[in-house]
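Report on the following structure.
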Amino acid sequence: MSSVQVFGAVPNDTGAYFRVWAQGRDHVTVTIEGLGTFSLAAEGAGYFSAEVAGAGVGARYTFSIDGGPAVPDLASRWQPEDSAGPSVIVSSDFAWTDEKWPGVRDHDQVIYEVHIGTFTPEGTWRAAAERLPFLSDLGVTVLQVMPVGAFAAPFGWGYDTVLPYAPHGPYGTPEDMRVFVDRAHSLGIGVILDVVYNHVGLGEHYHAYSDHYLTSREEDEWGSGFNFDGEHAQAVRDFIIGNAVYWIRDFHIDGLRIDAVQAMIDGSEDHILSALTRAVREAASPRSAYVVVENQPQERRMIEAPDNGGSGVDGMYNDDFQHAVRVAATGHDDFYYRDYRGTAQELVSSLKYGFLYQGQRSDMREKAYGTYNLDTPARHFVHFLENHDQVANSARGFRLSSLVSPARLRAISALLLLGPQTPSLFQGQEFGSTRPFFYFFGVDGDHARAVIEGRKASLANFPGVADPAMGDALADPTDVSTFERSKLDWSEAVSRAHLVKLHRDLLRIRREDQAFSQRSQRRIDGAVLGEHALVLRYLTPNPADHRLILFNLGRDLPMAVTSEPLLAPPEGHRWSLAWSSEHPAYDGAGRRPVDPEQFWILPSDCALLLGTEVRQ
């Protein structure tokens, strides 16, 4: 494996080794509670280091740069007080039980996005670990954990990370996080971590160490970005790559979801994303690592193999699918949804090709959007109906269960979970959580006022929020009650067990029926059957394995004239009903008779799965 630079405090047999990068500074000291203050020696190239005897695991320490105020370690492994307080020396020793865990492969995954602070009432790693058997039974294979690097508030989404090596203190200790990962692996669930390498949040300490960590060349509404290609950039790249490797090596994390990679500005020949992806795979070996990205320009080069000039990641999130389904299900197309009509054709196209925008004009952007992806395999697209952004990017933070009818929710859930792409669920989606999910960030003072006004300005792009009455009703992102209201109510998993069963049954079908495997030699085709109805066909080498998905968000559709060839059964077979979203077990209205060789009706707000049987 390629060498990884050491940053922070690393315990050893006699004490601890301390190392920082402070390019452009002359003197660095470390103060260890109960032990004293020690100078770090200059190594050259901006690095300073020292061995300190007696500095044991659990000791608290701070650094001082050129005689300045005490600051935390940028590579702190734990901040038990807050992101501005003393850092703590932490051992990476842990009694792992996952030696046979193979990692996460690039196909046939089911992702589940979770925010540790709101996933349970307690908001801790230990409490979240108690829910893992439920997710395993549901059929989840990968947990995508929203950012956990320390940030300057007691609660928040985590995208304002300031100390990326330190798990957020209120969630528990680093050992608690390891317990969570180890337990997930024992249940057959991988864990990938959402990381933020495109900007630094409020309350950062990078400038105290060096003027070269950050760059303002591409500063945006999120803040300053990391210096990946400017003067002295190599150490910054090593710091970020070292962070990714740290999660893989020391916490057995199975990969990353990398936030807003288009904002990771780097003109280097070896782009930081490519270097990160290589390092993650090397650190995980012989286990498989799984890397997915959020990439707003929808660039094919993200998933292209390195030999073809790509970054070699495994998947990209596809907002186009979510936006098209959202418009189809709710009828609203304001702000960024205005690029979508929610037509049956849009849904068919997204299920066949992934991204809808692949270089044609976007009305919202008033320019071409996306890149060519017509032949990109379905496994490289991550499809979803809800995630943290799409739920919270609204005036009330409503979940889909509060926006559409139960029948419609069941139908679109089936379209997601039986679609050819990699599905992703947002916490509580499996039981139709009725709890809102808001944007929250518990800062105070001037920072709080800036966050509140910034959120209002962002949401004002939705016309309904321009209503003064709605503006006054927006949740305060800095108020702890906004955070508390976003926590899941797990009693709903019992009271809404019919939806849990629907998700469990669909994921079982996806797992057990080879037609839905991304490794099978299948071909996907689809067609529009009516204004709001479509058919999706899985064509496989064995005719007996062909499958049809019929989907209708419009009125009851009489299937009298069925000239669409995709509706034809394989030779020697006939279609039979295998699954219906209207099954009474899902609180549906009941399964209507389906005989495609006779006149029948495709019900409104319904999804059906048809299999084959040998014609007698």
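The values are calculated or read from the model by the stated rules, or taken from the named source; none is laboratory data. Keep in mind it's a predicted model, so treat the numbers as computed, not measured. With ideal geometry, Cβ positions are generated from the backbone for all residues, glycine too; neighbour counts draw on all protein chains shown. Ligands, DNA and RNA are stripped out before the accessible areas are found, and what is left, the full protein with its side chains, is counted by its heavy atoms. Shrake-Rupley method; radii C 1.70, N 1.55, O 1.52, S 1.80 Å.
Spacing of the modelled spin labels on residue 14 and residue 175, each 7 Å from Cα toward Cβ, amounts to 2.7 nm. Couplings 3J(HN,Hα) for the range 304-317, derived from phi with the Karplus relation 6.51 cos²θ - 1.76 cosθ + 1.60 (θ = phi - 60°), are 5, 5, x, 5, 9, x, x, 8, x, 6, 8, x, 10, 6 Hz, where x marks Gly and Pro.
Taking trypsin sites (Lys or Arg not before Pro) across the range 90-174, the ones in a DSSP loop with at most 10 further Cβ atoms lying within 10 angstrom of their Cβ are 100.
Using only alpha carbons, the range 547-616 has a radius of gyration to Kirkwood radius ratio (Rg to Rh) of 0.96. Sequentially through the range 562-569, phi angles give Karplus couplings (6.51, -1.76, 1.60; θ = phi - 60°) of 10, 7, 5, x, 5, 7, 6, x Hz, Gly and Pro residues having no value and appearing as x. Shown in residue order for the range 340-345 are the 3J(HN,Hα) couplings computed by the Karplus curve 6.51 cos²θ - 1.76 cosθ + 1.60 at θ = phi - 60°: 10, 10, x, 7, 4, 5 Hz (x for Gly and Pro).
Under 5 Å between amide hydrogens, built in the peptide plane, is the criterion, and for residue 288 it picks out 103, 104 among residues at least 5 positions away or on other chains. Measuring spread by the Cα atoms of the range 176-250 yields a radius of gyration and Dmax of 15.7, 46 Å. Of the chymotrypsin sites (Phe, Trp or Tyr not before Pro) found in the range 157-234, no site is in coil according to DSSP while having at most 14 other Cβ atoms within 10 Å of its Cβ. In this structure, residue 330 and residue 122 have a Cβ-Cβ separation that, at R0 = 41 Å, corresponds to a calculated FRET efficiency of about 0.80.
With 0.36 nm allotted per residue and the present C-alpha distance subtracted, the residue 568-residue 84 stretch has 167.7 nm of extension available. In terms of packing, defined here as the mean over residues of other Cβ atoms within 10 angstrom, the peptides 602-615, 560-573, 245-258 line up highest first as 245-258, 602-615, 560-573. Contact order, relative form, for the range 8-89: 31 percent (alpha carbon pairs under 8 Å, 6 or more residues apart, mean separation divided by residue count). Radius of gyration (Cα atoms) of the chain, expressed as a multiple of 2.2 N^0.38 Å: 1.01. The H on the amide N of residue 191, modeled in the peptide plane, is under 5 Å from the matching H of 143, 254, each at least 5 residues off or on a different chain. Proximity of backbone amide H atoms, modeled 1.01 Å from N, is registered between residue 166 and 150 at under 5 Å, excluding neighbours fewer than 5 places apart on the same chain.
Taking all Cα pairs closer than 8 Å and separated by 6 or more residues, the relative contact order of the chain comes to 10 percent. The dipole here belongs to the chain: it is taken about the Cα centre, uses +1 on the Cβ of Lys and Arg and -1 on the Cβ of Asp and Glu, and is about 2000 debye. Residues in the range 465-571 average 48 Å² of solvent-accessible surface per residue, probe 1.4 Å, ligands and nucleic acids excluded. Adding -39500 (n - 2.57) for every DSSP H run of four residues or longer, then dividing by how many residues the chain holds, sets the calculated 222 nm ellipticity at -7000 deg cm²/dmol.
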